[in-house]
Amino acid sequence: MAAIRVAVAGPNGTLGPPVIKHLVKQGFQVTLLSRDPDKASKQYPPPTKAISADYTSVEQLTEILQQNGPFDCLIILINRDQLEPQIKLIDAAIAAGVPHIVPSSFGIDSSSPEVHDLPQIQGKMKMEKYLLGKANEGLVSFTGINTGLFFDWALEVAGIPINLKGGPTFLADGGGVALSVSTLDLIGQAVAQAIHKRDEARNRFLFVHSAVVTQKQLLQYAQEIAPDRDFPIVEVDTEKAAAEAREKMQRGETGMMVAMPLLMRVSFGLGLGLFKKVDNEFLGLDVMSEDDVKALVAKYVNKKW
Ligand SMILES: NC(=O)c1ccc[n+]([C@@H]2O[C@H](COP(=O)([O-])OP(=O)(O)OC[C@H]3O[C@@H](n4cnc5c(N)ncnc54)[C@H](OP(=O)(O)O)[C@@H]3O)[C@@H](O)[C@H]2O)c1
C-alpha cells in the first residue's frame, strides 16, 4: 500500500518533534512547511523533506502544496495566536486539493460558552469556525484533536498545574479539581492515529488525554519524591480572581497574565479542563498509570533547572 502523504506546517515548535516522530515511525511520507526550512532539515533528517513556506501569499502556499504533493492530509502545528497564516494555509490546501486537515486545536474543549469566550483562544475559535464553514461547504474535511493541558511541557515550561521550578504553585480552589492532561508523545501518537482513521473521524473533534490529575495529588507526589524540599503554594479563589481579571480588562489592561485567572476559572473552578469522554480507545492510546504519573513528576522534581 502506498504511504500516506502528509504536509506538516509549523514543525519548529513544541509539537513538531512528537508529531513528526510518530508520523515517520508509522511510515507516513512527511513534507515540512516551515519559515525556516534549514532549521527544520537539521532537526528532521531525510526521508523527511523541509520546504520554505511564505505565509503572506495563498497563491504561493497553493503552489508549494501542488508542486510537492499531492498530499492526503495537511497537519497544522502553527501557534494558535497566528490566525492569518492558518487561514491562508486552509485556503491554499483547498485550492491545491488537499482533502483533509488536522488543525492547530490541541487544547481545551471549547464547546461550552465559558471556554468559548476566553481571550486566550479567540484566534483558535476563529480558525475552527472558518475551517468548519469550509467543511460544511464540502470543500475539505478535518479532524480536530483536543488534548487538554500539555502535561510534560507544562511541568517543564509553564510551571502548571504545579510549579517544580522553585516558585509557588497557584493552588486553584483547594487544588482538588480534576484536569485532563496529555504528554507530547501521546499527542504525536494521536495525530498519526487520527490520520489513519480519518474516514471515521471525518469532521469531528476528538478528545484524548494521558491522565486525569489534580494539583493536590501532583504536589503530594512531588513531596513524596523530595520530602526535604519545600513546594510553596499560593491559594487562589478562582471566582474572585476571575472577577478581578475582568475588571482589569474593562479598564483596558491586556496581556496573557491579566487574562490568566479566567483560564484558571474555567479549567479548575468550573471543572471544564476535564474531558468527560475521551477517544483514547478509538485511537488505541494508553492512559498513564499512577506510577507513570509519579515517574513523570519525579523527572521534573529531580531536574536541575
Ligand atoms: N494545551 C496546551 O497546554 C498547549 C500548550 C502549548 C501549545 N498548545 C497548542 O499547540 C499548538 C502549537 O503551539 P506551539 O506552542 O507549538 O506554538 P509555537 O511553538 O509557538 O509555534 C509553532 C510553530 O508555528 C509556526 N509559526 C509561528 N509564528 C508563525 C507565523 N507568524 N507565521 C507562520 N508560522 C508561524 C512556527 O513554525 P516554523 O518556524 O517551522 O515556520 C513555529 O515553530 C497550538 O495549537 C497551541 O494552542 C497547547
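Just so you know, all these numbers are worked out from the coordinates, no wet-lab data involved. What you are looking at is a predicted structure, and each value in this text was computed from that prediction instead of being measured. With ideal geometry, Cβ positions are generated from the backbone for all residues, glycine too; neighbour counts draw on all protein chains shown.
A few remarks follow.
- Amide hydrogen proximity for Leu171: with H placed 1.01 Å from N in the peptide plane, the residues at 5 or more positions away or on another chain lying under 5 Å are Val234, Glu235, Val236.
- The Cβ shell under 10 Å around Pro18 holds other residues with a net charge of -1, Lys and Arg each +1, Asp and Glu each -1.
- A simple spin-label model places pseudo-atoms 7 Å from Cα toward Cβ; at Trp305 and Leu139 they are separated by 4.6 nm.
- A simple spin-label model places pseudo-atoms 7 Å from Cα toward Cβ; at Asp117 and Ser57 they are separated by 4.3 nm.
- Whole-Hz ³J(HN,Hα) from phi, Karplus 6.51 cos²θ - 1.76 cosθ + 1.60, for the stretch 222-227, glycine and proline x: 4, 5, 5, 6, 10, x
- The three principal axes of the Cα atoms in the stretch 28-160 give end-to-end lengths of 43, 39, 27 Å, sorted in falling order.
- Sorting the segments 142-155, 190-203 by their residues' average number of neighbouring beta-carbon atoms within 10 angstrom, most packed first, yields 142-155, 190-203.
- Burial order of peptide ranges 6-13, 165-172, 266-273 (average beta-carbon count within 10 Å, highest first): 6-13, 266-273, 165-172
- Rounded to two decimals, the Cα-based Rg/Rh of the chain, with Kirkwood Rh, is 0.98.
- Highest mean packing first, where packing is the average number of other Cβ atoms within 10 Å per residue, the peptides 80-88, 131-139 line up as 80-88, 131-139.
- Phi-based couplings in Hz for the stretch 269-278 (Karplus 6.51, -1.76, 1.60; Gly and Pro marked x): x, 8, x, 8, x, 9, 7, 6, 9, 10
- When the alpha-carbon atoms of the stretch 177-305 are used, the pair Rg, Dmax equals 18.0, 53 angstrom.
- The stretch 41-94 and the stretch 163-181 have Cα centres lying 37 Å from one another.
- Proximity of backbone amide H atoms, modeled 1.01 Å from N, is registered between Ile75 and Ala7, Val8, Ala9, Val102 at under 5 Å, excluding neighbours fewer than 5 places apart on the same chain.
- CD proxy at 222 nm, helix term only [per DSSP H run n ≥ 4: -39500 (n - 2.57); per residue of the chain; nearest 500]: -12000 deg cm²/dmol
- Convex hull projection area averaged over all views, the stretch 15-105, Cα basis, nm²: 5.4 nm²
- Couplings for the stretch 189-194, taken from phi via the Karplus curve 6.51 cos²θ - 1.76 cosθ + 1.60 with θ = phi - 60°, read 4, 4, 5, 4, 5, 5 Hz in order; Gly and Pro are left as x.
- Assigned charges on the beta-carbon of Lys, Arg, Asp, Glu; the stretch 36-106 dipole about Cα centre (debye): 260 debye
- When the alpha carbon gyration tensor of the stretch 154-244 is reduced to an equivalent ellipsoid, the three semi-axes, largest first, read 32, 17, 10 Å.
- Size of electric dipole in the chain: Cβ of Lys, Arg +1 and of Asp, Glu -1, about Cα centre, debye, nearest 20: 460 debye
- Computed from the C-beta positions of Glu244 and Lys126 and an R0 of 30 Å, the FRET efficiency is 0.65 to the nearest 0.05.
- The stretch between Ala298 and Asp199, if pulled fully straight at 0.36 nm per residue, gains 31.7 nm over its current Cα-Cα span.
- Taking a sphere under 14 Å around the Cβ of Gln67 and counting the other residues whose Cβ falls inside, with K and R at +1 and D and E at -1, yields a net charge of -1.
- Centre-to-centre, using Cα atoms only, the stretch 226-259 and the stretch 199-215 are separated by 27 Å.
- Helix axis angle, 238-250 relative to the chain longest principal axis, alpha carbon, degrees: 60 degrees
- Placing unit charges on each Cβ (+1 for Lys and Arg, -1 for Asp and Glu) gives the stretch 119-186 a dipole about its Cα centre, and among Leu171, Ala154, Gln120 the Cα reaching farthest toward its positive end belongs to Gln120.
- Of the residues Ile75, Pro45, Leu61, the one whose Cα sits farthest toward the positive end of the charge dipole of the stretch 43-100, with +1 on the Cβ of Lys and Arg and -1 on the Cβ of Asp and Glu, is Pro45.
- The chain: angle of helix 58-68 to the longest principal axis, Cα-based, in degrees nearest 10: 70 degrees
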